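Below is one structure, written out as structure tokens, with a few remarks after it.
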Amino acid sequence: MIKDKALLKAAREETHAAVQLIAMVPRHLLPADPSDSSASLIWDDALGMFTTQIVRGHRVAYEFVTQQIHIYKGNNVLSTLETIGNTFDQVFVNLKTVLNSQGLDGNKLNKDLPYELPESVMQKGAPFVKQNKEVLSNLKELYALTSKSLQSVFSKITAASEIRCWPHHYDLATLVTIVAHDDPEEAKSIGFGFSPGDGGYDEPYFYLTPWPYPSKESLYKLTAPAFWNTEGWTGGVLKAGDLNAANAETTIFDFFENGYHKLKEIL
């Protein structure tokens, strides 16, 4: 695991901005969706990339190590867009042009986002910059490991949502509904996933978040190096930098699986 937080932060912010571009395609070319779930991304294990949902036979994907955007039809790459050296606006225009050439209405795309992102993520007016390849590879591996772990634990649990990356927070996650309710505030659920870092923890981490938040006294003992966050939100945190490479996969699997069974009883 890369320890240099400055390199991690730069790569996280650069790639976070890039995935906004690919998420725009289903957001504006699929039927309108107030929840914005159409813009959620899929981790494709075979490609090792985030891809959009299918839009008239097409998918748009982001490749971490090269920082390129690929437009697919089926399994064939129709076009590749470079982000490095280009601004967000330039890549946006190029993406619309490629979509139009494929008979998709690229002019429907809109840069306005249904959420706010930190200024440091969007880097307005500045071109995308080539990031450290080792850090990008590490980030890619963490998303892949999350996808594998979540599938292993939750693939047979019908109450678990599809595993998706939400471009707002850039986390790859699933939500397990324990008690459904029309009002989300009244429902009982547990979120499981991975964040590449955020305002709370400026480094990659795995998490589990029960809702409603249990009292501190009712929380079970987490196995180190995982710990409970109880400031601002309640949830288990397992920092990627604290993992032992030899048993990282097992540690993440146990973190999610134990969390599911124990939090289900608490809720």
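Here are the numbers for this structure:
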{"quantity": "Shape category assigned to the chain from the gyration tensor of Cα positions, a/c cut at 1.5", "calculated": "prolate"}
{"quantity": "Assigned charges on the beta-carbon of Lys, Arg, Asp, Glu; segment 211-263 dipole about Cα centre (debye)", "calculated": "120"}
{"quantity": "Radius, Kirkwood style, for segment 121-193 when every pair of distinct Cα atoms is counted (Å)", "calculated": "14.6"}
{"quantity": "Sequence-separation-based contact order of the chain, relative, with Cα cut under 8 Å and 6+ spacing, percent", "calculated": "16"}
{"quantity": "For residue 239, residues with placed amide H under 5 Å, excluding near neighbours", "calculated": "206"}
{"quantity": "Ranked 28, 261, criterion: other C-beta atoms within 10 Å, fewest first", "calculated": "261, 28"}
{"quantity": "Sequence-distant residues sharing a close amide H with residue 78 (under 5 Å, placed H)", "calculated": "71, 72, 73"}
{"quantity": "Backbone HN-Hα couplings from phi across segment 170-185 [Karplus 6.51/-1.76/1.60, Hz, Gly and Pro as x]", "calculated": "6, 9, 9, 7, 9, 10, 9, 8, 8, 9, 7, 7, 4, 8, x, 5"}
{"quantity": "Pairwise centroid distance, computed over Cα atoms, of segment 57-90 with segment 189-267, Å", "calculated": "33"}
{"quantity": "Dipole moment magnitude, nearest 20 debye, segment 56-177 about Cα centre, only Lys, Arg, Asp, Glu C-beta charged", "calculated": "380"}
{"quantity": "Cα lying deepest toward the dipole's positive end in segment 144-199, options 151, 199, 165, charges on Cβ", "calculated": "151"}
{"quantity": "Packing-based ranking, highest mean first, of 139-149, 106-116 given that Cβ atoms within 10 Å are counted", "calculated": "139-149, 106-116"}
{"quantity": "Contact order relative to length of segment 133-266, as percent, for alpha carbon pairs under 8 angstrom and 6 or more apart", "calculated": "19"}
{"quantity": "The chain, dipole about Cα centre (Lys/Arg Cβ +1, Asp/Glu Cβ -1), debye to the nearest 20", "calculated": "580"}
{"quantity": "Kirkwood Rh (inverse of mean 1/r, distinct Cα pairs), segment 133-266, angstrom", "calculated": "15.2"}
{"quantity": "Charge sum, other residues only, whose C-beta stays under 15 Å from residue 54's C-beta, Lys/Arg counted +1 and Asp/Glu -1", "calculated": "+2"}
{"quantity": "Residue-wise HN-Hα coupling along segment 74-86, computed from phi with Karplus coefficients 6.51, -1.76, 1.60 (Hz; x: Gly, Pro)", "calculated": "x, 9, 9, 7, 8, 7, 10, 10, 8, 9, 4, x, 10"}
{"quantity": "Equivalent ellipsoid dimensions for segment 5-122 as semi-axes, Å, which come from the Cα gyration tensor, largest first", "calculated": "21, 17, 14"}
{"quantity": "Karplus-derived 3J(HN,Hα), 6.51/-1.76/1.60, for each residue of segment 241-255, Hz, glycine and proline x", "calculated": "x, 8, 7, 8, 3, 5, 10, 4, 4, 5, 4, 5, 4, 5, 4"}
{"quantity": "Packing rank of 246-255, 180-189, where each peptide gets the mean count of other beta carbons within 10 Å, highest leading", "calculated": "246-255, 180-189"}
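Coordinate-derived values only; no laboratory data. Nothing here was measured: the structure is a model prediction, and the numbers come from that model. Because the Cβ atoms are built from the backbone with ideal geometry, glycine has one as well, and the counts that use them run over all protein chains shown.
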